Amino acid sequence: MGGRFNTREGEENKVVGDRIQQIESYVRQAMSTVTAPDLRIAHDFKHVDRVRGWALRLASGEAIQNLDLIEATALLHDIGLTRVEVEQRSQHAQVGAEIAAQFLLEHQLFSEEEIGIITDAILCHSSPCGGGTLAGTLQSFSGWW
Ligand SMILES: [Fe+2]
Ligand SMILES: [Fe+2]
């Protein structure tokens with residue numbers, strides 16, 4: 001994703017770049033510790049990196065201002081796989097949202113409101129939120145951008 005940061009200028013943007021690098025390093029390291037074959041299949045850091053690439057590609061076609069929210073969410077979306085057993089895989093979104101909230105708050109990488117947006121997205125990435133209805137799902141994402 002190197003090119004994106006080259007277009008940014010100023011000290012504030014350097015910090016923005018650094019926080020994404022910080023998240024990436026954390027996710028890379030954490031996902032390298034997943035040893036269960038059933039959890040690793042198609043869900044190693046390469047998967048996360050592909051999701052990040054697609055998320056940014058899709059976002060570039062939308063009027064989305066804060067691409068860091070997109071990138072951070074994509075990077076962290078499967079972090080729950082690092083703390084669940086194979087039979088708990090269905091809970092990895094819930095677990096991942098909690099891990100991401102803790103990490104982002106601890107390192108103060110986003111505002112509390114932004115962290116709420118990121119963790120809501122992680123929570124909803126593998127099963128429908130809002131009671132499984134389209135309206136409920138859309139409602140749960142209201143105010144995203
Ligand atoms: Fe997932
Ligand atoms: Fe995934």
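The values are calculated or read from the model by the stated rules, or taken from the named source; none is laboratory data. Just so it is clear, the model here is predicted, and its values are computed rather than measured. In this analysis, Cβ positions are derived from the backbone assuming ideal geometry, glycine residues included, and neighbour counts consider all displayed protein chains.
Residue-level analysis places Thr119 among those that are crowded, with 20+ Cβ neighbours inside 10 Å, hydroxyl-bearing (Ser, Thr, Tyr) and in contact with a Gly (Cβ under 9 Å, 6 or more places away or on another chain). Counting the residues of segment 76-106 that are of a type in the set (Val, Ile, Thr) and part of a loop (DSSP other than H, G, I, E, B) gives 1.
Within segment 80-117, being β-branched (Val, Ile, Thr) and under 19 Å from Asp44 (Cβ atoms) holds for Thr82, Val84, Val86, Val95, Ile99.
Look at (1) at pLDDT 90 or above; (2) under 22 Å from Cys129 (Cα atoms); (3) of a type in the set (Asp, Glu) and you find that Glu87 fails only one, number (1).
Can you confirm whether Ile99 is closer than 20 Å to Arg19 by Cα, modelled with pLDDT of 95 or more, aliphatic (A, V, I, L, M) and more than 13 Å from ligand 2 (Cβ to nearest atom)? Judged against the criteria, Ile99 is a match.
Taking the criterion of being within 17 Å of the chain's Cα centre (by Cα) and more than 12 Å from ligand 1 (Cβ to nearest atom), the residues of segment 74-89 that qualify are Leu75, Arg83.
Taking the condition of being in contact with a helix residue (DSSP H, G or I) (Cβ under 8 Å, 6 or more places away or on another chain), within 12 Å of ligand 2 (Cβ to nearest atom) and part of a helix (DSSP H, G or I), how many residues in segment 30-53 meet it? Number satisfying all stated conditions: 6.
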